[in-house]
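This report concerns only the one structure given below.
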Amino acid sequence: MNVVWGGLGGGRIEVICGPMFSGKSEELIRRLRRAIIARQRVQVFKPVVDNRYADDEVVSHSDTRLSATQAATAAAILQATHPRTEVVGIDEAQFFDCGLVDVCEQLAARGARVVVAGLDLDWRGRPFAPIPDLLAVAESVTKSQAVCMVCGAAASFSQKISGTTDTVEIGSAERYEARCRRHFEPEESRQLELSRARAAVLRVPVREEDATTAQG
Ligand SMILES: [Zn+2]
């Protein structure tokens with residue numbers, strides 16, 4: 001028998017998590033596109049807070065996109081999901097309230113395949129609610145990795161390189177970098193120190209004899 005999600009007993013929760021720039025939205029879009037090709041009824045949601053690219057679309061950093069409905073709360077996702085919807089996609093799930101776990105379980109219980117993408121860690125490297133609880137109840141967890149912008153190794157952390165100390169901050173390339181464990185520096189004061197140290201190293205020291213030669 002073909003494995004077709006949706007329908008009685010087919011419900012499940014899949015989570016795609018990882019740092020920024022690890023291709024989570026892209027993977028979400030890829031899975032949802034396959035469901036659309038299979039002629040399944042698909043609905044996609046994203047939080048109201050995510051105005052980064054487009055209001056009515058889920059967009060990856062590499063600019064693949066899929067139309068999406070904005071939801072202010074997790075409960076709003078449940079209300080807006082049609083009873084016959086077979087696949088529910090949720091992007092930027094870390095910006096939803098903790099009711100999201102219950103909503104995903106309810107959707108899965110009524111037979112929907114729920115595919116959720118979100119950051120598992122905040123910029124301080126701490127678990128980012130409600131994703132950790134969602135990982136625990138999910139049938140499938142994909143932890144994607146990005147590339148460390150310092151050394152090129154696989155990266156699991158999102159390094160804040162400017163901006164405020166808010167946990168919830170919409171950012172893209174100019175505010176965050178993917179980092180490996182070795183190069184991830186969660187404390188902001190330490191980050192400033194490091195960037196000053198880097199600037200000092202890059203400055204070429206001017207020696208007096210060089211200056212004299214140049215003038216002569
Ligand atoms: Zn590194």
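Taken together, the values in this text are just the output of simple stated rules run on the coordinates, not laboratory data. Owing to the predicted nature of the structure, the values given are computational and were not obtained by experimental measurement. Cβ atoms come from the backbone with ideal geometry, glycine included; neighbour counts cover every protein chain shown.
The alpha carbon centroids of the stretch 106-138 and the stretch 29-84 are separated by 15 Å. Among His82, His61, the order by Cβ neighbours within 10 angstrom, fewest to most, reads His82, His61. Computed on the stretch 74-126, with alpha-carbon pairs under 8 angstrom and 6+ residues apart, the relative contact order is 45 percent.
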